[in-house]
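Novice: One structure coming up, written as structure tokens, with questions to follow.
The values are calculated or read from the model by the stated rules, or taken from the named source; none is laboratory data. On a predicted model such as this, the values are computed, not experimentally measured, just so you know. Quick reminder, even Gly has a Cβ in these numbers, built from the backbone with ideal geometry, and neighbours come from all protein chains shown. Each accessible area value is taken on the protein alone, full model and side chains, heavy atoms only, with ligands, DNA and RNA left out. Shrake-Rupley method; radii C 1.70, N 1.55, O 1.52, S 1.80 Å.
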Amino acid sequence: MRIVVIGTGMAGVRFAADLRAGDPGFRHEITMFGAEPEPAYNRILLSSVLADTFPLRDIALPAAPDGVHMRVGRSVTEVDRAARVVRTENGATEYDVLVFATGSTPVVPPIPGLRGAAGLTPGAFTFRTASDCRAILAAARPGGNAVVLGGGPLGVEAARALAGRGMAVDLVHQQTHLLQRHLDPVAGRILAMALTAHGVRVHLDTAVTAVSGEERVSAVRLTDDTVLSCELLVAACGTRPEVALARACGLAVNGGVVVDDRMRSITDPAVYAVGDCAEHRGVVHGLVEPAWEQASRAAADIGGWSPEPRDRPVLPVLRLKAQDIDLAAMGDSAVVDEVDDPATEVVVFADPARRRYKKLVLRAGVIVGAVFMGDTGTMGTVTDLFDRARPAPADPAALLFDLATSGDSTEQVVCRCNGVTAKTILACEGRTVSEVARRTRATTGCGGCAGDVAALLTRASAKDPFASLAAATVNGAS
Amino acid sequence: MTVRPDATVRPRPFPAGGGLCVKGWTSGSLLDSPHRLTTPLIRDGRDGPLRPAQWDEALSLIAARLAALRAEHGPDAVAVFGGGGLTNEKAYQLGKFARVALRTSRIDYNGRFCMSSAAAAGNRAFGIDRGLPFPVADIADAGAVLLVGCNVAETMPPITRHLNAQRAKGGTLIVVDPRRTATARLADLHLRPHPGTDLALACGLAHLVIADGHHDLDYIERRTTGFDALRRVLAHYWPERVERVTGVPVAAQRAAAAALAGARTALVMTGRGTEQHSNGTDTVQAWINLALALGLPGAPGSGYGCVTGQGNGQGGREHGQKADQLPGYRSIRDDADRAHVAAVWGVRPDDLPGPGQSAYELLDGLGTADGSRALLVFGSNPVVSAPNAGHIERALRGLDLLVVADFVLSETAAIADVVLPVCQWAEESGTITNLEGRVIRRRRARPAPPGVRDELDVVADLARRLGAPGFDADPETVFAELGAASSGGRADYAGITYDRLDQGDGVFWPCPSADHPGTPRLFAERFATLDGRAVFHPVEYAPVTERPDAEFPLRLTTGRVLAHYQSGAQTRRIDELAAAEGAVFVQLNPANAAELGVRDGDMVRVRTRRGAAIAAARVTDDVPVDTVFMPFHWAGDGRANLLTDPKLDPVSGMPAFKVCAARVDRAGERAS
């Protein structure tokens, strides 16, 4: 079969790799078209590149496997579904199966001065592609002023990254708190405090009404007429699925290309859509995990094997990539309290001074939402329970805090290698460590408990064996 | 250690700062144990009892039955199952016996269930498999140690001395284990991945090392191949994704990567926890990739190593017990290797069988149309230790002939047709190869009780009865022959003699000639690959483990406890050890216990898609929510391996012992 993939992003590349892995006999010929001028790369890492925690040169994805023809820098200009042909400036390519993996494009808000005839005003950027990233890096300079539009995940990451590069950053957000889709107001406020601590000024409940600057961006004006000077502006105002081509060729498009459970267009069974450009059961995702799952599902369907069985779809988890700001949010994490719904429980630990916030939202004993900020020690367990809709522990405190059990009875084993308890050693009061070793074998294995045994013996005569044990425990292996 | 004639045991400071755990201290008590077998046993008819017999009757019966089965069904009708506790001489003799006397391809051993994934990955990356390619004392000099799935504080306590020394010098210890084990309690940093996700964690740590520019470019350039492909694959393993997959927080990943990158010397060491998976080979490769990216292997105090599971786990896999190997770690597929060994054995290369089946495949096939009809078991107890043990026990019971050589009536011996009583460690002479690749002597301390024979002698006798000459019962003679067979191979013992071993603290292989000093450290100059470079083999994470679902919502993992060894056939018969840890238990997080209405000590039933086991609940947050742990040392209804998943690693043949989907229910009413 001749398979054409439009898009060389995370979803398209994953689709091709999965299909090739299941097709050792090269029955399929796969051709991929990418509009961007460079080899496929990992878009997820761009925030890290901006933050200088990942090198730009390392974001390339693995080279296309044998049998996959990669055509980069070639935009598909037309799809002719009747003829089963895609066209680019360089010619036409026939297909038996067509896969849309066109992803999404940044939304540029209609702000006067932001856009000129030739595109964005110099100094203003969206943050979606590797070339955006390169351009922002070229414009960023320590000591300069930057404005970031949009307090969603990408805007927060960009603001934190630019601050980390020594810029004075103003983050402008129209809503009353940051990440409002994922956080409640208290959590949003703590996040703003954390950003402020890293040098980001946060402007909430306001908007940019105009961008000024003749040749280049020089300032923005806010709703209240505040003027923020800036030499760099990053618009992170969300994305919309890239569906122009799909719409033009007559496919059913709603928010994205409408697909069935096999990821096939409901209009044309020879066409699939995966990733950010697809709408499955009314949902358009914008995260990589669902995109990869859709890619694998489409590959399985086209390749003729069973997809990985799942009890439930992959649920997106937001995980902020912002240095020194650990934040994760999943599910119905913005729910404020149970007033509206008695079946909902909300458990919150808020510690703004230490920029910590933890929250669980439970329905019928199952975690349906969670936020972790500042301390993510128990998040692995929470995410796992959330992913699998498993019952949460009766006392949810165990999910908020990593509380190790501390045993402190004399039954506690001091010499693990030989199973000797504190009680047995205390009974040897008045003897030396080597005598204890001969009697009990304590210390003769790994020897790590020698200090504890000595401490127990020394303090046993102090007639407070429990105090001595506690001391030994603190100093020793436990 | 040393043993006195009265069977009391003392530690001695060897190889370095030696110590003994409770298993070592009590090991003498089995020598004179009433559980000891001292006469062969024969079962007449399928359902009859085992009755005492003379050696001649037992061996004649075995030889006659084997010859008849071979004549009727071909040589592969007979299979051999060995053990990693056998001396090098016995392991070698058993491999030769299978190929020369039985002419069967069907030989494998319990080491397949132990270190085969690490062995396969080591061969792939370094061109050689030696557990630690450096002396164990190097651990103390490592600025950072990353121990993965390796609970040495319980499974190999004396090694903890080296870790204590390492930490006393200011070194950092990082432990990767889903459970808060005794070893994890020693650690400065404990990473707790969900069982079965280690591969993603290893890739994530390597991603961070490279992202931060801490990889050793000069080393990578000079000493390795394949880095560019690896680097691109690692781009997929950004920390937030790895956190989602593994449950290990980003901050902990960064701390671990920084500790490894910041240390002047560092060791990455793996154990069964990360190896016993159906992607075990790739998982170990991922840890090796991390070590290579950091430029560790080959430098003193640095490197990658695998911690041995059995007494002679290392030597046991070098000398021909493995289905695809000949002595000296030679390949049974390679013409030159076959020719060399055939010459030593005095047979034609074409007479040697080809590669056989891996352990589980061999056991799983018993009694089927293509499977073997007779099995000889030496030094192993698969009724307890094989995965999916209920199924394997049924297969063993259906055999035409099951022969077990052991010194106690293990669960496998108890269902055998013929049981042969053999020596214990203190009664045998020979060599073993420890985790460092150091060949050491085991000296006979006392004679075996009357009626007991040495396996070398038993195998030589059987070979003779099967018309195959050239099998000797004298360990030193066998060792010299082993040396010749291994000469020029990867595990070259040719220059090692008992005299040399008696003069010092053992010799590290490879040691190709009498004047060669042995090789304590491998890889200083080159790796054992054709071009001398280590190989970065890019590996990708995929969820290969049995997925928990509504019926089996928990993850079961299995392992060891301090007081017991392997299938427990020996240690359960030692009163002191039985008193320390007398019955099987299952660790259950308090949240799961509460959900089930189970209290500490209640009996519970653990079920998987393969079977059910009964165990006492041990309620502890040492296991994460939804992960349960069961030790595998017990028999009968308490067998953890009734539950385990026999899905095999495609490269190593390792079963997925370390994770499967399970459920736990209360078993009956509470006593109180």
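Novice: Which lysines have a Cα less than 27 Å from the Cα of B:Lys90, not counting those fewer than 8 places away in the same chain?
Specialist: The qualifying lysines are B:Lys23, B:Lys322.
Novice: Hey, another quick one. Would you mind working out the magnitude of the charge dipole of region A:326-400 relative to its Cα centre, with +1 at each Lys and Arg C-beta and -1 at each Asp and Glu C-beta, to the nearest 20 Debye? Could the numbers behind the result be given before it?
Specialist: Details: 8 positive and 12 negative charges, 55 e Å.
For region A:326-400, the charge dipole is close to 260 debye.
Novice: What does the accessible area per residue of chain A come to in Å², with a 1.4 Å probe and no ligands, DNA or RNA counted? If you can, show how the numbers build up before the last one.
Specialist: Numbers: 20440 Å² over 478 residues.
So chain A comes to 43 Å² accessible per residue, rounded to a whole number.
Novice: Please say if region B:247-303 is rounded, prolate or oblate, where rounded means a/c under 1.5 for a ≥ b ≥ c the square roots of the C-alpha gyration tensor eigenvalues, and otherwise the choice is prolate for a/b larger than b/c and oblate otherwise? Walk me through the numbers on the way to the answer.
Specialist: Values: a/c = 2.32, a/b = 1.19, b/c = 1.96.
Cα axes put region B:247-303 in the oblate bin.
Novice: By its C-alpha gyration tensor, with a ≥ b ≥ c as the square roots of the eigenvalues, how is region A:326-400 shaped: rounded for a/c under 1.5, else prolate for a/b larger than b/c, else oblate?
Specialist: Details: a/c = 1.77, a/b = 1.24, b/c = 1.43.
The shape class here is oblate.
Novice: If the only charges are +1 at each Lys and Arg Cβ and -1 at each Asp and Glu Cβ, what is the size of the charge dipole of the protein assembly as shown around the Cα centre, to the nearest 20 debye? Intermediate results must be reported in sequence, preceding the final value.
Specialist: Working: 122 positive and 131 negative charges, 253 e Å.
About 1220 debye.
Novice: Would you work out which of B:Gln424, A:Thr196, B:Leu191 lies farthest towards the positive end of the dipole of the protein assembly as shown, given +1 charges on the beta-carbon of Lys and Arg and -1 on that of Asp and Glu, about the Cα centre?
Specialist: Value: B:Gln424.
Novice: Continuing with this model, one more query. Report, ordered by chain and residue number, the lysines lying within cross-link reach of A:Lys359, taken as a straight Cα distance under 30 Å and ignoring same-chain residues fewer than 8 apart.
Specialist: Cα-Cα hits under 30 Å: A:Lys321.
Novice: Here is a follow-up. With a/c under 1.5 counting as rounded, go ahead and sort chain B into rounded, prolate or oblate using the C-alpha gyration tensor (a ≥ b ≥ c being the square roots of the eigenvalues; past the cut-off, prolate if a/b is larger than b/c, else oblate).
Specialist: Working: a/c = 1.57, a/b = 1.19, b/c = 1.32.
It is oblate, given that a/c is not under 1.5 and a/b is not larger than b/c.
Novice: Of the accessible area of the protein assembly as shown, with the probe set at 1.4 angstrom, what percent is carbon plus sulfur? Write down the numbers at each step before the final one.
Specialist: Numbers: 21030 of 41650 Å².
Answer for the protein assembly as shown: carbon and sulfur cover 50 percent of the accessible area.
Novice: Identify all aspartates and glutamates with a Cα-Cα distance to B:Lys647 below 19 Å; exclude those on the same chain that are fewer than 8 residues away in sequence.
Specialist: A:Glu308, B:Asp108, B:Asp198, B:Glu275, B:Asp282, B:Glu361, B:Asp364, B:Glu393, B:Glu540, B:Glu546, B:Asp549
Novice: Next question. Which residues of region B:136-176 end up with at least 50 Å² less accessible area in the presence of all protein chains than when their chain stands alone, using a 1.4 Å probe?
Specialist: Residues of region B:136-176 that lose at least 50 Å² of accessible area once the other chains are added: B:Arg161.
Novice: Counting other Cβ atoms within 10 Å, which trypsin sites (Lys or Arg not before Pro) in region A:190-294 have at most 16 and lie in a DSSP loop? Provide the component values of the computation, followed by the final result.
Specialist: Values: sites: A:Arg201, A:Arg216, A:Arg221, A:Arg247, A:Arg262, A:Arg264, A:Arg281; in loops: A:Arg216, A:Arg262, A:Arg281.
Listed in order of number, the matching sites are A:Arg216, A:Arg262, A:Arg281.
Novice: Something else about it: Counting partner chain Cβ atoms within 10 Å of every residue's Cβ in B:542-552, what's the average? If you can, show how the numbers build up before the last one.
Specialist: Numbers: counts 3, 1, 0, 0, 0, 5, 4, 4, 4, 0, 0.
That works out to 2 on average.
Novice: Moving to a separate point now. Select from region A:144-224 those GluC sites (Glu not before Pro) which occupy a DSSP coil region and have at most 10 other Cβ atoms within 10 Å, ordered by residue number. Provide the component values of the computation, followed by the final result.
Specialist: Details: sites: A:Glu157, A:Glu214, A:Glu215; in loops: A:Glu214, A:Glu215.
Those that pass, being in a loop and sparsely packed, are A:Glu214, A:Glu215.
Novice: Here is a further query. Dipole size in debye (nearest 20) for region A:361-455 around its Cα centre, Lys and Arg Cβ +1, Asp and Glu Cβ -1? Intermediate values should be presented prior to the final figure.
Specialist: Numbers: 9 positive and 10 negative charges, 82 e Å.
Dipole size: approximately 400 debye.
Novice: With a probe of 1.4 Å, find how much accessible area chain B has per residue, and write the answer as a whole number in Å². Walk me through the numbers before you get to the answer.
Specialist: Values: 21210 Å² over 672 residues.
Each residue of chain B exposes 32 Å² on average to a 1.4 Å probe.
Novice: Now a separate question. Output the residues of region B:620-634 meeting this criterion: accessible area (heavy atoms, 1.4 Å probe) in the chain alone minus accessible area with all protein chains in place is 20 Å² or greater.
Specialist: SASA drop of 20 Å² or more in region B:620-634: B:Asp621, B:Val625, B:Asp626.
Novice: Are there trypsin sites (Lys or Arg not before Pro) in region B:126-232 that DSSP puts in a loop and that have at most 11 other Cβ atoms within 10 Å, and which ones? Numbers along the way, then the final one.
Specialist: Values: sites: B:Arg130, B:Arg161, B:Arg167, B:Lys169, B:Arg179, B:Arg180, B:Arg185, B:Arg222, B:Arg223, B:Arg231, B:Arg232; in loops: B:Arg130, B:Lys169, B:Arg179, B:Arg180.
Filter output for region B:126-232: B:Lys169.
Novice: Residues of region A:416-451 losing 30 Å² or more of accessible area relative to the isolated chain, 1.4 Å probe, heavy atoms only?
Specialist: A:Arg416, A:Cys417, A:Asn418, A:Arg441, A:Thr444, A:Gly445, A:Cys446
Novice: May I ask for the longest run of chain A untouched by chymotrypsin sites (Phe, Trp or Tyr not before Pro) that are loop-located per DSSP and have at most 16 neighbouring C-beta atoms (other than their own) within 10 Å? Numbers along the way, then the final one.
Specialist: Numbers: sites that count: A:Phe26, A:Trp305, A:Phe401.
Counting at most 16 other Cβ atoms within 10 Å as exposed, the longest clean stretch of chain A is A:27-304.
Novice: Ordered by packing density, taken as the mean number of other Cβ atoms within 10 Å over each peptide's residues, highest first, how do B:445-457, B:303-315, B:523-535, B:579-591 rank? If you can, show how the numbers build up before the last one.
Specialist: Working: B:445-457: 17.8, B:303-315: 26.9, B:523-535: 16.2, B:579-591: 20.4.
Order by mean packing, descending: B:303-315, B:579-591, B:445-457, B:523-535.
Novice: Moving on to the next point. If you take the accessible area of A alone plus B alone and subtract the pair, what total do you get in square angstrom, rounded to 100, with a 1.4 Å probe?
Specialist: The contact between B and A buries close to 4300 Å².
Novice: Ranked highest first by average number of other Cβ atoms within 10 Å, how do B:19-26, B:637-644, B:91-98, A:423-430 line up?
Specialist: Values: B:19-26: 22.8, B:637-644: 24.6, B:91-98: 28.4, A:423-430: 17.6.
Those peptides, ordered most packed to least, come out B:91-98, B:637-644, B:19-26, A:423-430.
Novice: Taking amide H atoms as placed 1.01 Å from N in the peptide plane, list the residues 5 or more away in sequence, or in a different chain, whose amide H sits under 5 Å from that of A:Cys237.
Specialist: A:Val107
Novice: While we're here: Set Lys and Arg Cβ to +1 and Asp and Glu Cβ to -1, take the dipole of region A:326-400 about its Cα centre, and tell me which of A:Ala370, A:Pro352, A:Met330 lies farthest positive.
Specialist: Positive-most Cα among the choices belongs to A:Pro352.
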